[in-house]
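A short worksheet on the structure shown next.
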Amino acid sequence: MLRGGFNFAGGEETPSGLSGAAARSVLLVGQAGAAPWPHFLRWRQRQSQTIADPLDTWSREMIGAVAKKFGARAVSPSDTPYLPFQQWAMQAEGLKPSPLGILMHPQYGLWHAYRGALLFEDEIGLPEPGDVIHLCDACLEKPCLKSCPVDAYSADGFAHKTCLAHVRGDNGAPCRTGGCLDRNACPYGAAYRYPPQAQAFHMAALAGV
């Protein structure tokens, strides 16, 4: 689904478009909730089970087909050198990061993602994002910082190695099968929460298990 976009400011250093000239506009593409999951699984069944990064591969294939149709260059968050997708998303949709680092959406909560972007060499008429209520500001209890058994998230940031050691260890089964406990503790956007199978897939990719 289209996740918003914007025109780059004049004089701003931008990535190149399809022909190699500087891009003038960017449209973000992603998901809200788990609507793409069944489509991905059907595609996955037709692929080699040894394919690396299957979700990235599928996303590139789907978004690349749209880019070809509309004369845009498709880019992905996992492309290197890395592009500032989170900064683009904040500019396009007016969102702010949650305590977990994931951007908080006023409707979808933490259950959304950006899978790619389309870069155009012409400016596109795009509306400015309106004022967005940042739900984390009104959340006093912050359950997202109290549910991890190893306190991987804190005011000091994300303890990546601590998280991975727990997920890979004997006590990490709830995280491996049901996803991040801190993320699931967030009360917002519950209707869009990814199903356990999807969360287990993402956790396995993160932890390499």
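Since every read-out is calculated from the coordinates, none of them should be taken as a lab result. All values reported here derive from a predicted model rather than from experimental measurement. Every residue, glycine as well, gets a Cβ built from its backbone with ideal geometry; the counts of neighbours run over all protein chains shown.
Could you please report the charge total around Q107, scoring K, R as +1 and D, E as -1 over all other residues with beta-carbon less than 15 angstrom from its beta-carbon?
On the way: positive: R3, K96, R193; negative: E93, D131.
Here the count lands on +1.
Remind me, relative contact order of segment 139-207 in percent, using alpha carbon pairs under 8 angstrom and six or more residues apart?
On the way: 59 pairs, mean separation 23.8, N = 69.
RCO, segment 139-207: 35 percent.
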Here segment 151-156 yields Karplus 3J(HN,Hα) values (6.51, -1.76, 1.60; θ = phi - 60°; whole Hz; Gly and Pro given as x) of 6, 5, 9, 7, 4, 7
Principal axis dimensions, largest first and in whole angstrom, of segment 75-157 by Cα: 48, 32, 20
With Cα springs under 10 Å, the Gaussian network model of the chain assigns the largest mean-square fluctuation among P195, P36, P84 to P84
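About its Cα centre, what dipole magnitude does segment 139-207 give when the only charges are +1 on Lys and Arg Cβ and -1 on Asp and Glu Cβ, stated in debye to the nearest 20?
In debye, rounded to 20, segment 139-207 gives about 140.
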Most mobile of Q87, Q45, Q31 per a Gaussian network model of the chain (Cα springs, under 10 Å)? Q45
Taking only Cα atoms, what is the 0 to 90° angle, nearest 10, from helix 196-207's long axis to the longest principal axis of the chain? 80 degrees
For segment 5-48, shape from the Cα gyration tensor axes a ≥ b ≥ c, cut at a/c of 1.5 then a/b versus b/c, turns out oblate
Note the angle between two axes, namely the Cα long axis of helix 54-70 and the longest principal axis of the Cα atoms of the chain, as a number of degrees from 0 to 90, rounded to the nearest 10. 20 degrees
Taking the number of other C-beta atoms within 10 Å as the exposure measure, put I133, I124, I63 in order starting with the fewest. I133, I124, I63
Rounded, prolate or oblate: pick one for segment 139-207, where a ≥ b ≥ c are the square roots of the eigenvalues of its C-alpha gyration tensor, a/c under 1.5 means rounded, and failing that, prolate if a/b is larger than b/c, else oblate. oblate
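First check a/c for the chain, with a ≥ b ≥ c the square roots of the eigenvalues of its C-alpha gyration tensor; if it is under 1.5, answer rounded, and if not, answer prolate when a/b is larger than b/c or oblate otherwise.
oblate
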Please compute the length gained on full extension between L2 and Q47, using 0.36 nm multiplied by the number of residues separating them and subtracting their Cα-Cα distance. 13.6 nm
Restricting to Cα pairs below 8 Å that are 6+ residues apart, what does the relative contact order work out to for the chain? Please round to a whole percent. 25 percent
Please give me, ordered by residue number, the GluC sites (Glu not before Pro) of segment 92-163 that lie in loop per DSSP and have at most 16 other Cβ atoms within 10 Å. E123, E141
Take V132 and D79, extend 7 Å from each Cα along the Cα→Cβ direction, and tell me the distance between the two endpoints in nm. 2.2 nm
Of S48, S98, S78, S16, how do they rank once you tally other Cβ atoms within 10 Å and put the fewest first? S48, S16, S78, S98
Provide C136, C175 in ascending order of the number of other Cβ atoms located within 10 Å of each residue's Cβ, fewest first. C136, C175
